[in-house]
Every structure is written in C-alpha cells, then in structure tokens.
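Participant: Let me give you the structure first, and then I'll get to my questions.
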Amino acid sequence: MPELPEVETTINELKSIVLNKNINKIILNTDSLRKPINKKKIKKIEGLKIINVSRRGKYIIISFTNDYILLIHLGMSGRLIFRKDKLVINKHDHIVFFIKKNFYIILNDPRKFGLVDVFLKKDLKNCNHLKNLGVEPLTKEFSFFYLKNALLKRKSNIKTFLLNQKIIAGLGNIYVCESLFESNISPFQIAKNLKRKQISLLCLKIKKVLQYAINLKGSSISDFKLPSGLLGKFQNKFKVYDREGKICKRKGCKEMIIRSVINGRSTYYCKKCQKM
Ligand SMILES: [Zn+2]
C-alpha cells in the first residue's frame, strides 16, 4: 500500500494541479527515508517547470524542464498532499515542494519507507529502481502469453509470484488477494501448475480489478488519501481483503473468509471458492 491504482490516481490529481508549474523551493525536514536523501541532487529541480507526470509500477515520475526527473515511491505509508494555505509543517511532513506562496506539495510518510531521488531523463530507464521492473498489467504486453511464459518453472505459490515486481509491476497485497478471488485460484497454488484456463482468467481479472479500483480512485486504508484529501472508494468493494471471519460475497457461498500469512503478508481468501 499504496499500489498501482492509488499511485495512478495520485498522478492524475498531480497532473491536473501542478502541470506547467514551477517548483520554486524545496524544504527537506529529514535526512533519510528508506535510504539517505541526496539533498544536493534533489535541489537540482529547484526553479524548474513540471512538464509531465507519469507512473511506472508504483513509482511516480515527475518530469521537469532541463531533462530532470523526480522519482517518488510512496513506500508503505507515504502520500503527497496539496496545500493552499499558510505553510504548517505537521508530523511526518518530510519534504515540502513550494510552487508559490501558500501553494505547495508535501510528502508525508509516517513509516519512512518511501523514496525520493532525482535523475537525468537519459539515466531514468536504467536506474536501479526501474530497470528490473516487469510489465505494466494494464498494457497489451501483459497478456495470456506473457503470464504463461512467466509462470513456467516457477515453484513458488501464485500469491508470492504475483507480488514480484520484476514480473508484474504495481501489484500489491490488496489487488493480488482480490484478483485471485475473482479468478477462483487458491493463493497457495504452485505458480507453474496453473492451467491454461486459470492463466487466461487471472490475466483478465487482474486488469479488471485494477481498472475498477482506478475508476473508484483506489483504496483508502491505513489513512491513505489522495493529494486533494479525497478518499478512494475501492475499500468498500473488497471481496476478501481485510474481511477475515466475514461471509464470502460470492452468491450461494456461505464460507467465512480466512486470513493466512504467506511470506509474512496477510492473505485473505475463501477456501470453498478458491480450492487448491
Ligand atoms: Zn466463497
């Protein structure tokens, strides 16, 4: 958390508010997030104009004039916040990007797992953060054939496989649990043993779940809000995620949703609908 739909919704809001605006000053209130922050590098974007905002996996890519790129990852608990008011620094407000007087964007991140870095455009593709990312699940490249090939010889369970950012970029715990439920696949199933029909359905459902979540502006759990302060609404549509002990939402199924831990992550599923 935040995953692809929350990051996508965040960049859509950013685009509508900061495109063609200058970042005039940056205040850093911390020396490190997930890693130490290179202040000198970050300061290079001071005075530059924002010309594009895009996404790769769970990374936010803000493009500036002079070919500079600001790369942001929100980690476990990060969010960007717009404020149009007198500057007040609240707890966990680690970086302030000033656009003009009484108008700025703040990076707030209580658990400090986020990341902020600056690159030249030509170095972005091959930077350590992006170079190994897998396909974007909402593009044509993520197809039945891609998934079938990627699953070959994979001995891990399908849940762990889908969370691997080197295979599919942007999926996290929520959307993996929901996609597996929609596909009637047990999270414990060994990846390489998936049948053709299951692979085809899983590919389709991943795209559907993500697109539906984007339409609802993502999921607002653990205090996640969009930069404008709006809440996403997909959390109201969860069928398994965070529903331990509640009745399965599939028609005719009266089973209770189970929570198990796979690779240290909570995993929610219905053992009747998602048989091994
Ligand atoms: Zn069920």
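The values are calculated or read from the model by the stated rules, or taken from the named source; none is laboratory data. If you're wondering where the values come from, they're calculated on a predicted model, not measured in any experiment. Because the Cβ atoms are built from the backbone with ideal geometry, glycine has one as well, and the counts that use them run over all protein chains shown. Protein only, heavy atoms only, side chains kept; ligands, DNA and RNA dropped before computing areas. Shrake-Rupley method; radii C 1.70, N 1.55, O 1.52, S 1.80 Å.
Participant: Looking at (1) open to solvent by 10 Å² or more (accessible area, probe 1.4 Å); (2) closer than 14 Å to Ser222 by Cβ, which is the one condition that is false for Lys84?
Facilitator: Result: Lys84 fails condition (2) only.
Participant: Hey, among the residues in the stretch 260-276 that are open to solvent by 50 Å² or more (accessible area, probe 1.4 Å) and of a type outside the set (A, V, I, L, M), which one's nearest to Asn184 (Cα to Cα)?
Facilitator: If we take residues in the stretch 260-276 being open to solvent by 50 Å² or more (accessible area, probe 1.4 Å) and of a type outside the set (A, V, I, L, M), then Lys275 is nearest to Asn184 (Cα to Cα).
Participant: Restrict the check to the stretch 183-201 and report whether at least one residue is among the hydroxyl-bearing types (Ser, Thr, Tyr), within 16 Å of the ligand (Cβ to nearest atom), under 27 Å from Thr139 (Cβ atoms) and free of Cβ contacts under 8 Å to residues at least 40 places away in the same chain.
Facilitator: The answer is yes; a qualifying residue exists.
Participant: On to the next question. For the stretch 223-254: of the residues being out of contact with any strand residue (DSSP E or B) (no Cβ under 8 Å at 6 or more places or on another chain), touching a residue at least 24 places away in the same chain (Cβ under 8 Å) and closer than 15 Å to Phe181 by Cα, which is nearest to the ligand (Cβ to nearest atom)?
Facilitator: My answer is Lys239.
Participant: May I ask you to say which residue of Leu28, Leu33 is among the hydrophobic types (A, V, I, L, M, F, W, C) and touching a Gly at 6+ places or on another chain (Cβ under 6 Å)?
Facilitator: Exactly one of Leu28, Leu33 is among the hydrophobic types (A, V, I, L, M, F, W, C) and touching a Gly at 6+ places or on another chain (Cβ under 6 Å), namely Leu33.
Participant: Which number in (1) modelled with pLDDT of 95 or more; (2) under 21 Å from the mean Cα position of the chain (by Cα) marks the one condition that Leu230 misses?
Facilitator: Here Leu230 clears every test but (1).
Participant: So if I check each of Ile37, Ile51, Ile62, which one is within 23 Å of the chain's Cα centre (by Cα) and at pLDDT below 95?
Facilitator: Unique residue meeting the criteria: Ile37.
Participant: I'm trying to understand the selection: among the residues of the stretch 262-275, which are more than 14 Å from the ligand (Cβ to nearest atom) and not in a strand (DSSP E or B)?
Facilitator: Answer for the stretch 262-275, where residues must be more than 14 Å from the ligand (Cβ to nearest atom) and not in a strand (DSSP E or B): Asn263, Gly264.
Participant: Kindly list the number of the only condition in (1) in a helix (DSSP H, G or I); (2) of a type in the set (Val, Ile, Thr); (3) closer than 20 Å to Leu80 by Cα that fails for Val209.
Facilitator: (3)
Participant: With respect to the numbered conditions (1) in a helix (DSSP H, G or I); (2) away from the ligand (no atom under 16 Å from the Cβ), which one is the sole condition not fulfilled by Ser220?
Facilitator: Ser220 satisfies all of (1) in a helix (DSSP H, G or I); (2) away from the ligand (no atom under 16 Å from the Cβ) except (1).
Participant: Which members of the stretch 171-185 meet the condition of being surrounded by fewer than 23 Cβ atoms within 10 Å (Cβ to Cβ) and in a helix (DSSP H, G or I)?
Facilitator: Hits for the stretch 171-185 are Asn173, Glu182.
Participant: Related question: Looking only at the stretch 102-117, decide whether some residue is farther than 14 Å from Val18 by Cα, touching a Cys at 6+ places or on another chain (Cβ under 8 Å) and free of Cβ contacts under 8 Å to residues at least 60 places away in the same chain.
Facilitator: no
Participant: When you scan the stretch 186-202, do you find a residue that is more than 20 Å from Leu133 (Cα to Cα), in contact with an Asp or Glu (Cβ under 6 Å, 6 or more places away or on another chain) and open to solvent by 10 Å² or more (accessible area, probe 1.4 Å), even just one?
Facilitator: Checked against the condition, which is being more than 20 Å from Leu133 (Cα to Cα), in contact with an Asp or Glu (Cβ under 6 Å, 6 or more places away or on another chain) and open to solvent by 10 Å² or more (accessible area, probe 1.4 Å), the stretch 186-202 yields no hits at all.
Participant: Kindly evaluate Ile257 against the criterion of being over 15 Å from the mean Cα position of the chain (by Cα), surrounded by 19 or more Cβ atoms within 10 Å (Cβ to Cβ) and within 13 Å of the ligand (Cβ to nearest atom).
Facilitator: yes
Yes/no matrix, rows are residues, columns are (1) assigned to a loop (DSSP other than H, G, I, E, B); (2) assigned by TED's automatic domain parsing to the domain that holds Leu163; (3) out of contact with any strand residue (DSSP E or B) (no Cβ under 7 Å at 6 or more places or on another chain); (4) under 22 Å from Ser220 (Cβ atoms):
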position	(1), (2), (3), (4)
Thr10	no, no, no, yes
Glu13	no, no, yes, yes
Lys40	no, no, yes, no
Ile50	no, no, no, no
Ile61	no, no, no, no
Asn66	no, no, yes, no
Leu71	no, no, no, no
Val96	no, no, no, no
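Participant: For the subset of the stretch 208-249 comprising residues that are surrounded by 16 or more Cβ atoms within 10 Å (Cβ to Cβ) and among the basic types (Lys, Arg), which member is nearest to Leu4 (Cα to Cα)?
Facilitator: Only one residue tops the list, namely Lys217.
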